[in-house]
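One structure below.
The values are calculated or read from the model by the stated rules, or taken from the named source; none is laboratory data. On a predicted model such as this, the values are computed, not experimentally measured, just so you know. Cβ: placed from backbone, ideal geometry, glycine included. Neighbour counts: every protein chain shown. Just so you know, the surface numbers come from the protein's heavy atoms only, side chains and all, with ligands and any DNA or RNA stripped out. Shrake-Rupley method; radii C 1.70, N 1.55, O 1.52, S 1.80 Å.
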Amino acid sequence: MSNNKSNRPVPKKTATFKNAHRGLIGWIFYFAGSKKGQYIVSVFFALLSVACCIAPYFIIARIVQQLMAGVRDWQLFLKECGITALFWFGNVLFHAISTSMSHIATFNLLGNIRKSMCDKLTRLPLGTVLDMPSGSLKSIIIERIDSMETTLAHIVPEYTSNIILSIVLVVYLFVLDWRLALACMAVLPVGVIAMCFMLKDGDKRFKYALDKTKALNDTAVEYINGIEVIKAFGKSKSSYERFVVAAQEGSACYVEWMRDCIWPHAIATVVTPTLLFSLLPIGGFMFLKGAIDASLFITVIVLAVSAIQPFLIAFTYHDDIAKAGAIFGEVGSIMTLDELERPEVDVKKPVDNSIVLKDVRFSYHKGIEGEEKKEILHGINMTLPQGSYTAFVGPSGSGKSTIARLIASLWDVDSGSVEIGGVNIKDLSLQEYNSRVAYVSQDNFLFDMSVRENIRLGRQNATDAEVEEIARKAGCYDFIMSLENGFDTIVGGSGAHLSGGERQRIAIARAMMKDAPIVILDEATAYTDPENEAIIQKSVAQLVKGKTLIVIAHRLSTVKDADKLYVIKDGVIDSEGTHAELLTKNGLYADMWKAHIGARDE
């Protein structure tokens, strides 16, 4: 079977995120999905809202002009005041409609981001996910994405509409009189320069702040998860000091950032609104010289006051825009990670459930950085016939579990191939492959729900009777019935209410419920005592009849009846054969067996 990647269809979802550096609006409209139209409509209503907010200034300017012209028609003025009130009402109404629609679209967008990221994690190699600190992932998916809600709900309609109307008003000022328009703009360079100083290196500063926040989250998660070890070995002081340092650095970066920005921000917010500071003396001089009339001067004064408000509102969002851009950059860095190379539809169907590894080489890779580590497997070749019972044994760190995980498609090989029934697993869809393989490791996860539902995850449509029958066959029925609520007992987060051995037995029952033709047990009895281990081994032997079984074990006595044993050492196959054959070779296996028997007898 060819290993040429170009001959295989690539998952459609992989190509979608080829550009992780798209602009903020591009990210928004990508994740908005079916709610794009609501964002567009919200901008329209926001424009109406801002227009209604500015329109009264024109009416005020006209009233002043009429008063200066000697008009004393109070009914006319009352009518114009009524129109002003209608504009105020329109401002409130259109703003409410705009923000309601943008909030609905934003909540949908945030939900789409979280669902996309969680879906992405399921398509990534397990090693990539394991190399991502859980604190950082939790911070991105929960806190930081949630922190964008206010920004995204207001930035699209309000920022866009205020910027547009500011530009329109400035253009209108130049149409009325370019000299007065320039007089209005005279103080803006000072404010703009101050803003530039304030926004200098804003992206880098926020990225640095995010990194420190992630470090704090990771340290907190590590500290909490390891509190038992910390207390047992008296390391409370040193471990707590690490957390304190991370917390101090996490706060110091924000304090330093704000300290550097406080004076530019003060200057920008004080100087920028003072358009009248330059307009009044220049305009007054022009009026006295007869270059402009009073009507034009008053109109420009009123419009200058109204033009600065939407500009300042838009300016207040700039910092939030930078933050949202940085967060989307983090999302993009995860969404563009390489996925397991699998087609949407099977290229070819396997003829059976035999397993063949051809010259498999593999190195672990860092999840986000992509940094390659030392090669773990160096050209592994093995054949596991359908229905066979194969065991991998060898010293710790030799690569046994890595081989099992490659067979379980939790990683992709660097070179070589893993074939099922004569078909490269890269030519099988994940759905097809997952239906063929049940994998149980020594570190299994139980969800915070009932024992029954945890077992039923193996097959969603299983009846209660089938769940209980599998529990009997897996040797865990009696201990489940001894729990407070039997099969309806809630196991707690990660199965915290159960012992390690009990969690493992339920995980085995869940895998057996899946009824996959290939079963991989990676140190599946590591947390059980010898008595329970014997029960589980006997139960498993009955449940895997006719299936292709792979077992990784340190206790050699549990796998001595395997059809074939592969002895793995330093990432290569040291020897292979049955238990009896390997003993006669007096090699590594014979030494391990002697040590195992001696330790057990002792």
Notebook entry, point to check: Rounded to two decimals, what is Rg over Rh for region 44-179 when you use alpha-carbon atoms and the Kirkwood radius?
Noted result: 1.27
Margin query: 7 Å from Cα along Cα→Cβ at both Asn381 and Thr150: what's the point-to-point distance in nm?
Written below: 6.5 nm
Next item on the list: Search the structure for amide H atoms under 5 Å from the amide H of Val551, placed 1.01 Å from N in the peptide plane, and list their residues when 5 or more places away or on another chain.
Entry: Thr390, Ala391, Phe392, Leu521
Note to self: Which residue, Val221, Ile470, Ala496, has the largest displacement toward the positive end of the dipole of the chain when charges sit on each Cβ (Lys, Arg +1; Asp, Glu -1)?
What the structure shows: Val221
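Please list Phe45, Phe31 in order of solvent-accessible area, largest first, computed with a 1.4 Å probe with all protein chains present. Numbers along the way, then the final one.
Values: Phe45 45, Phe31 5 Å².
Largest to smallest exposure gives the sequence Phe45, Phe31.
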Margin query: Give the aspartates and glutamates reachable from Lys289 as a straight Cα distance under 16 Å; neighbours fewer than 8 places away on the same chain don't count.
Written below: Asp177
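Please report the carbon-and-sulfur percent of the accessible area for the chain; probe 1.4 Å, protein heavy atoms only, DNA, RNA and ligands left out.
Numbers: 18040 of 29800 Å².
Exposed carbon and sulfur together represent 61 percent of the surface.
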Notebook entry, point to check: In terms of the Cα gyration tensor, with a ≥ b ≥ c the square roots of its eigenvalues, is region 100-146 rounded because a/c is under 1.5, prolate because a/b exceeds b/c, or oblate?
Noted result: oblate
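With every protein chain present, what is the per residue accessible area of the chain (1.4 Å probe, Å²)? Walk me through the numbers on the way to the answer.
On the way: 29800 Å² over 602 residues.
Ligands and nucleic acids excluded, the figure is 50 Å² per residue.
Over 18 Å between C-alpha atoms is what I'm after, so list which of Lys204/Lys323; Lys545/Lys569; Lys374/Lys564; Lys120/Lys214; Lys349/Lys426 land there. Present the calculation step by step, with values, prior to reporting the outcome.
Numbers: Lys204/Lys323 10 Å; Lys545/Lys569 29 Å; Lys374/Lys564 29 Å; Lys120/Lys214 20 Å; Lys349/Lys426 12 Å.
Violating the 18 Å limit, Cα to Cα: Lys545/Lys569; Lys374/Lys564; Lys120/Lys214.
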Notebook entry, point to check: Which aspartates and glutamates have a Cα lying under 13 Å from the Cα of Lys547, excluding residues fewer than 8 positions away in the same chain?
Noted result: Asp352, Asp515, Asp563
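Tell me the relative contact order for the chain as a rounded percent, counting alpha carbon contacts under 8 Å between residues six or more apart.
16 percent
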Checklist line | Whole-Hz couplings from phi, Karplus 6.51/-1.76/1.60, listed for region 445-451; x for Gly and Pro | finding: 10, 10, 7, 6, 8, 5, 4
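Among DSSP beta bridges lying fully in the chain, give the percent that are antiparallel, nearest 5. Display every interim value, and only then the final one.
On the way: 21 of 38 bridges.
Taking every DSSP beta bridge within the chain, about 55 percent pair in antiparallel fashion.
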Checklist line | Helix-only [θ]222 nm of the chain, DSSP H runs n ≥ 4, -39500 (n - 2.57) each, per residue, nearest 500 | finding: -19000 deg cm²/dmol
Next item on the list: Just grab the label-to-label distance for Phe447 and Lys289, each label 7 Å out from Cα along the Cβ direction, in nm (one decimal).
Entry: 7.9 nm
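Specify, per residue and in Å³, the volume enclosed by the convex hull of the alpha carbon atoms belonging to the chain. Can you show the working numbers first?
On the way: hull volume 125.6 nm³, N = 602.
Roughly 209 Å³ of hull volume per residue.
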Margin query: With +1 on the Cβ of every Lys and Arg and -1 on the Cβ of every Asp and Glu, and nothing else charged, how large is the dipole of region 307-445 about its Cα centre, in debye rounded to the nearest 20?
Written below: 460 debye
